[in-house]
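What follows is a short report on a single structure.
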Amino acid sequence: MNIQRIHHVAYRCRDAKETVNWYRDHLGMEFVLAIAEDRVPSTHEADPYMHVFLDAGGGNVLAFFELPNSPVQGRDPNTPEWVQHIAFKVGSVQALEETKARLEAKGIPVVGITDHTIFKSIYFFDPNGHRVELAADTATAEMSARLDAVKWDMLEEWARTKRAPRHAAWMHEKEFAGA
């Protein structure tokens, strides 16, 4: 088997129309498809839903389900807020800066620009409470090669110790030097 790409990633939303408009207005995503059913095709459960699909670029699709008969969605209280997020690649740090300014001007709080050494990003929340990240790659070929060379060693050390391996500490040494 050969995975070609992500067909779509689906999340839950409070209001399908609000969600489509928000992603279109703030991130420029086009609304590409809506599917509504009274029964779930895979399980045949009676559970009406609206399933909307947005163009996330490069053949990727972001989808949402509005489930009016289900309890209000919540977060996993055992997972920190910063862990679960949807990350989208943008073309440049300038695009991050412009988007940050545009979102903040519309009253949307934005964290960042955060420097991850190999990319820079901003973070904010959509109207459903999903954390969204926009990332612009900044890695050099040398940085990518250094990380590629140690990825398996890092994974093996983590699996044994559950402590952060130091193989790529160079990525954040300057950031934490004064801490």
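The values are calculated or read from the model by the stated rules, or taken from the named source; none is laboratory data. Since this is a predicted model, take the numbers as computed values, not measurements. Methodologically, a virtual Cβ is constructed for each residue, glycine included, from the backbone with ideal geometry; neighbour enumeration extends over all protein chains shown.
Might you check whether a residue that is assigned to a strand (DSSP E or B) and over 16 Å from the mean Cα position of the chain (by Cα) occurs anywhere in segment 98-116?
Yes, segment 98-116 contains a residue that is assigned to a strand (DSSP E or B) and over 16 Å from the mean Cα position of the chain (by Cα).
Can you find a residue that is closer than 16 Å to Ala135 by Cα and either exposed (fewer than 10 other Cβ atoms within 10 Å of the Cβ) or among the basic types (Lys, Arg) (or both) anywhere in segment 65-85?
yes
So which residues in segment 43-60 are more than 18 Å from Gly91 (Cα to Cα) and modelled with pLDDT of 90 or more, if there are any at all?
Answer for segment 43-60, where residues must be more than 18 Å from Gly91 (Cα to Cα) and modelled with pLDDT of 90 or more: Pro48, Tyr49, Met50, His51, Val52, Phe53, Leu54.
Restricting to segment 73-97, give me the number of residues that are in a loop (DSSP other than H, G, I, E, B) and free of Cβ contacts under 8 Å to residues at least 40 places away in the same chain.
The total comes to 7.
Restricting the search to segment 1-50, which residues are part of a helix (DSSP H, G or I) and in contact (Cβ under 8 Å) with a residue 24 or more places away in the chain?
Across segment 1-50, the qualifying residues are Ala16, Glu18, Thr19, Val20, Trp22, Tyr23, Arg24, His26, Leu27.
Testing Glu133 on (1) charged (D, E, K, R); (2) in a helix (DSSP H, G or I); (3) in contact (Cβ under 8 Å) with a residue 12 or more places away in the chain, one condition comes back false. Which one is that?
Among (1) charged (D, E, K, R); (2) in a helix (DSSP H, G or I); (3) in contact (Cβ under 8 Å) with a residue 12 or more places away in the chain, Glu133 violates only (2).
Please verify whether Trp152 is over 29 Å from Cys13 (Cα atoms) and surrounded by 12 or more Cβ atoms within 10 Å (Cβ to Cβ), treating the condition exactly as stated.
No; evaluated as a whole, the condition is false for this residue.
Does Arg163 satisfy the condition of being part of a loop (DSSP other than H, G, I, E, B), of a type in the set (Lys, Arg) and within 24 Å of His26 (Cα to Cα)?
In short, no.
Being in a loop (DSSP other than H, G, I, E, B), of a type in the set (A, V, I, L, M, F, W, C), under 25 Å from Gly58 (Cβ atoms) and free of Cβ contacts under 8 Å to residues at least 60 places away in the same chain, is that true of even one residue in segment 141-153?
No: segment 141-153 contains no residue that is in a loop (DSSP other than H, G, I, E, B), of a type in the set (A, V, I, L, M, F, W, C), under 25 Å from Gly58 (Cβ atoms) and free of Cβ contacts under 8 Å to residues at least 60 places away in the same chain.
Only one of these is among the β-branched types (Val, Ile, Thr) and more than 30 Å from Tyr11 (Cα to Cα): Thr114, Thr161. Name it.
Going through Thr114, Thr161 in turn, just one is among the β-branched types (Val, Ile, Thr) and more than 30 Å from Tyr11 (Cα to Cα): Thr161.
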